[in-house]
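K.L.:
Once you've had a glance at the structure underneath, I'll fire off some questions.
Since every read-out is calculated from the coordinates, none of them should be taken as a lab result. Fair warning: this is a prediction, and the values are worked out from it, not measured in the lab. When we count neighbours, we look across all protein chains shown, and the Cβ atoms used for this are built from the backbone with ideal geometry, even at glycine.
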Amino acid sequence: MNRLLGYADPLATRAGETVSFMLSADAATRADVQLVRLLHGDVNPIGPGFVEREVASTLPAEVEVVPQAIHRGSYAAVPPSAALADLPSATLHAFICPSLPGAGEQTILGCGDGKASGYRLLIGADGRLHLRVGGAELALGRKLVANFWYFVAASWDAETGRMALMQKGRINRWNSKIGPVAPFDLDDSAEGEGGAFAPASGARFLIAASAGDAPSHLYNGKIDRPGVLGGVVSADTLAAMSEGRGLPAAASVAFWDTTAGYTDTGIGDVIEDIGPSKLHAHGVNRPIRAMTGWNWNGREDSFRLDPSQYGGVAFHEDALIDCGWQVTLSYAIPADLPSGVYALRIRSGEVEDHVPFFVRAAQPKAPIAVLMPTFTYLAYANEHLAFDAPIAQAICANTPVVTPEELQWKEAEEFGLSTYDVHSDYAGVCYSSWRRPILNMRPRYRMPATGVPWAFPADLSLIWWLDHAGHDFEVLTDHDLDREGLDAIKPYRAVLTGTHPEYYSSTMLDATEDYLASGGRVLYLGGNGYYWVTAVRPEEPWCIEVRKLDVGSRAWQAAAGEGYLATTGERSGLWRSRGRPPQKIVGVGFTTEGMDESQPFERLPDSFDPEVAWIFEGIGERELIGDFGLGLGGASGLELDRYDLALGTPPHAHLLAASFNHSDNYPLVSEEVAYAFPGRGGTQDPQVRGDIVYFTTPNGGAVFAAGSIAWSQALPVNGGNNNVARILGNVLSRFGG
């Protein structure tokens, strides 16, 4: 099968602006292209099925799609420089903490290949430190140990023909996997005969990779304060350098101070050379900063307190932030194109793909906005939980079912990872980007672990119902809200969330809170929302960052001292852990998740208060609300939120309805469990439920919260004629008026 794949950049734009499409095929082909508006994706027969609407546009009828390469791996590159290319005598040095020594050849520092020209300091496939110059090679006898800090140095002198190599363990009580009590002898050194040196003219100096047609021999682990000295330096000088002192400035060709450049609001991808030539290294595929270095002493847990202890830069062979594909075609969006969820549909023979993007109105006119959770889409982008997480089968209470296409995708893993995955060295993935094909952000996608739509395709159920019911609405995205804050949503009378608004920035939380306090109305229609502290750089919105800390439902946990975002300088983890549980804003917050079944909501006494009777017009007193749905057969399921006065639910909030009888596959979330003891499942713990809440806010504002991912997936059942839709219609009629 000749796959067709692509991505849009930007993912979210405004009518009147331009969006570009980067497309690729396994083999060159002609493909039909069509602009479509996406309305529904889930093909479950109890719903409307797949629904798209073709849109007339200026796009060509067909385009040539050619293969475009993907180069995974993070590294840092220095522009070509004679100062680094022509070094017949030099010393390389760095602190390193390799995470996968022995897993193939990995370059630490180098310019050229070290054989025909230039030099390379590397970890060989044997797990030992090597120096390669002019075709000659020198290796140490002692293998490097994973996740231990070392000082390494290599030197050569073409005139004398001598080469030297050394490594020295730099373990303290905090910085390595194992401490000083283990009797490891990590030190080693060697000398040997060298070959003729040939300048690597025109070659780039790379940190954590080898240069060539594409970067290769990618390094896994941390590198701290690497540098190049002119000439061979003495053993005493190297000993002093291994202790973080005595760098001979006069001999410095380049010294990349990985602790330089930190600000209170984070650090960028440029690694500053404080040497004489200012040969700054530029990070590719977002090497991870704000990481502890060789000298971390465990006292400071943030780079903001002492940047000198945060020189570690983590590199990974499987990192992917930007495919860097060439633009296949661009589309100038008409200023009068209605706001909505769109896609470029591409077809060649039997092969088809949809490349989604979002269009907001040039000037807001509708009373209602749907806030599409694009941060969440990126957080889950290309996640591999059904394949890699042993706990997935237990969580879902079923054996994951995957398609042949998903098996191919998993085998290649070519399109990068999600923040639910780990790198090849088991370090957590903290970055995710839209500048790559995102295979699970497609309208027909169903999560292999559960067989139900998740995130983007699930949110299309809400889009279909709003369109079908004739509501006048526009779409915004998390990226719009993060960039513009309150100004993005202020024009609307009511804002609806997607099914899973899990990843939020401080700007987004502030804007939502300020919107409500100034009279706005929010319909929170999801589960596990406002959960993880997430951020983007304003100038690089395509890449989110999140770090999973000590509590929360997490696929990995950040290492000690590495809980602060390089993007903004703020502590990541749960918003709840920073004093902002979602109950304080929308009345409910995450309480449980389960993937085996969903339940209906049942009315509670507050729902009969005359003050809220309008919400339940047309609903019977004992009528089950949502005993149906595309999300496991009910309106309350998958991930659920609850009312909790102790966590900040406004005291005047009405607890309108709740779901009961969930299975023990719905356990109480980990952040609620201070002590582990039996009885935390759905058949035993009363906190395992989903709640519907309503309350008013200052200046005529209000919140309606249906704390369930499955809520909006019940809307399309029976052609949109059901009691979940009736309640939502009642609320929208009041909120939008």
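K.L.:
Quickly estimate the mean residue ellipticity at 222 nm for the chain, helices only: each DSSP H run with n ≥ 4 gives -39500 (n - 2.57), and the total goes over all residues, rounded to 500. Don't skip to the answer; put the middle values down first.
P.N.:
On the way: 12 runs with 89 residues, N = 737.
The per-residue figure over the chain is -3000 deg cm²/dmol.
K.L.:
Let me ask something else. Please give me the summed charge of the neighbours of THR259: other residues whose Cβ is under 14 Å from its Cβ, Lys and Arg +1, Asp and Glu -1. Walk me through the numbers before you get to the answer.
P.N.:
On the way: positive: LYS222, ARG225, ARG289, ARG304; negative: ASP224, ASP257, GLU272, ASP273, GLU300, ASP306.
Around THR259, the charge tally is -2.
K.L.:
Something else now. With Kirkwood's inverse mean 1/r over C-alpha pairs for Rh, give me the Rg to Rh ratio of the stretch 75-315, two decimals please. Walk me through the numbers on the way to the answer.
P.N.:
On the way: Rg = 16.4 Å, Rh = 17.6 Å.
For the stretch 75-315, the value is 0.94.
K.L.:
Something else now. Kindly state, to the nearest 0.05, the FRET efficiency for ALA27 paired with LYS278, given R0 = 35 Å and r defined as their beta-carbon distance.
P.N.:
Numbers: r = 45 Å, r/R0 = 1.28.
Efficiency, from the Cβ-Cβ distance: 0.20.
K.L.:
May I ask for the Kirkwood hydrodynamic radius of the stretch 368-735, worked out over all distinct Cα pairs and given in angstroms to one decimal? The partial results should precede the final answer.
P.N.:
Numbers: mean 1/r = 0.0488 Å⁻¹.
Radius from the Kirkwood sum: 20.5 Å.
K.L.:
In the stretch 75-315, how many lysine pairs have Cα atoms under 18 Å apart, counting only pairs 8 or more places apart or on different chains? Spell out each step's value before the answer.
P.N.:
Details: LYS143/LYS168; LYS143/LYS177; LYS143/LYS222; LYS168/LYS177; LYS168/LYS222; LYS177/LYS222.
So the count of such lysine pairs works out to 6.
K.L.:
Work out, step by step, the length gained on full extension between THR58 and GLU484: first 0.36 nm times the residue separation, then minus their alpha carbon distance; give nm to one decimal.
P.N.:
Numbers: separation 426, 0.36 × 426 = 153.36 nm, distance 2.99 nm.
Result: 150.4 nm gained on full extension.
K.L.:
Something else: Identify all aspartates and glutamates with a Cα-Cα distance to LYS490 below 19 Å; exclude those on the same chain that are fewer than 8 residues away in sequence.
P.N.:
ASP472, GLU474, ASP478, ASP480, ASP482, ASP510, GLU513, ASP514
K.L.:
Here's another thing I want to ask about it. Which distance in nm do the two modelled labels at ALA560 and ARG622 give, with both placed 7 Å along the Cα-to-Cβ direction?
P.N.:
Rounded to a tenth, the inter-label distance reads 5.9 nm.
K.L.:
Next question. Using +1 at the Cβ of each Lys and Arg and -1 at the Cβ of each Asp and Glu in the chain, identify which of SER506, ALA469, LEU732 lies farthest towards the dipole's positive end.
P.N.:
SER506
K.L.:
Still on this structure, I have one more. Would you list PHE375, PHE184, PHE601 from fewest to most Cβ contacts within 10 Å? Please report the intermediate quantities before stating the final value.
P.N.:
Numbers: PHE375 26, PHE184 14, PHE601 31.
The most exposed by this proxy come first: PHE184, PHE375, PHE601.
K.L.:
Quick one: dipole size for the chain, taken about the Cα centre, charges +1 on Lys/Arg Cβ and -1 on Asp/Glu Cβ, in debye to the nearest 20. Mind showing how you got there, number by number?
P.N.:
Working: 56 positive and 87 negative charges, 140 e Å.
For the chain, the charge dipole is close to 680 debye.
K.L.:
Work out from phi, with θ = phi - 60° and the Karplus expression 6.51 cos²θ - 1.76 cosθ + 1.60, the ³J(HN,Hα) of each residue of the stretch 682-696, listed in order in whole Hz, and give x for Gly and Pro.
P.N.:
x, 7, 10, 9, x, 7, 8, 6, x, 10, 10, 10, 9, 8, 9
K.L.:
Dipole size in debye (nearest 20) for the stretch 463-593 around its Cα centre, Lys and Arg Cβ +1, Asp and Glu Cβ -1? Don't skip to the end; give the middle numbers.
P.N.:
Numbers: 13 positive and 19 negative charges, 113 e Å.
Here the stretch 463-593 has a charge dipole of around 540 debye.
K.L.:
Sticking with this structure for a sec: Can you compute the modelled spin-label distance between ASP388 and ALA250, with each label point 7 Å from Cα toward Cβ, in nm?
P.N.:
The two pseudo-label positions are separated by 5.1 nm.
K.L.:
Then there is this: Given +1 on the Cβ of Lys and Arg, -1 on the Cβ of Asp and Glu, and no further charges, what dipole in debye does the stretch 78-209 carry about its Cα centre, rounded to the nearest 20? Could you put the intermediate results ahead of the total?
P.N.:
Details: 12 positive and 12 negative charges, 105 e Å.
Charge dipole, the stretch 78-209, about its Cα centre: 500 debye, nearest 20.
K.L.:
Right, next: Please list, ordered by chain and number, the residues whose modelled amide H lies under 5 Å from the amide H of THR258; skip anything fewer than 5 residues away on the same chain.
P.N.:
So THR258 has HN proximity to ARG225.
K.L.:
May I pose another question? With volume of the Cα convex hull per residue in Å³ in mind, check [x] 273; [y] 147; [z] 160 and report the label derived from this structure.
P.N.:
[z]
K.L.:
Test of the criteria: in the stretch 557-636, which GluC sites (Glu not before Pro) are in a DSSP loop and have at most 12 other Cβ atoms within 10 angstrom of their Cβ? Intermediate results must be reported in sequence, preceding the final value.
P.N.:
On the way: sites: GLU562, GLU570, GLU593, GLU597, GLU602, GLU611, GLU617, GLU621, GLU623; in loops: GLU562, GLU570, GLU617, GLU621, GLU623.
Sparse-neighbourhood loop GluC sites (Glu not before Pro): GLU617, GLU621.
K.L.:
When a/c reaches 1.5 or more, the comparison of a/b and b/c decides; with that in mind, is the stretch 507-605 rounded, prolate or oblate per its Cα gyration tensor? Display every interim value, and only then the final one.
P.N.:
On the way: a/c = 2.18, a/b = 1.33, b/c = 1.64.
Here the stretch 507-605 falls in the oblate category.
K.L.:
Which FRET efficiency value, to the nearest 0.05, is calculated for VAL551 and ALA335 with the Förster distance at 45 angstrom and r the Cβ-Cβ distance? Could you put the intermediate results ahead of the total?
P.N.:
Numbers: r = 47 Å, r/R0 = 1.03.
Step by step, r from the Cβ atoms, then E = 0.45.
K.L.:
Same structure again: State the Cα centre-to-centre distance between the stretch 223-299 and the stretch 342-388 in whole Å.
P.N.:
41
K.L.:
If you consider only alpha-carbon coordinates, what radius of gyration and Dmax does the stretch 1-135 have, in Å?
P.N.:
When restricted to Cα atoms, the stretch 1-135 yields Rg and Dmax of 24.7, 74 Å.
K.L.:
Nearest 5 is fine: what % of DSSP beta bridges in the stretch 454-595 come out antiparallel, could you say?
P.N.:
Details: 6 of 11 bridges.
That works out to approximately 55 percent antiparallel.
K.L.:
Which residue, chosen from TRP542, ASN665, SER708, occupies the Cα position most advanced towards the positive end of the dipole of the chain, where the dipole is computed from +1 (Lys, Arg) and -1 (Asp, Glu) charges on Cβ about the Cα centre?
P.N.:
The Cα lying farthest towards the positive end belongs to TRP542.
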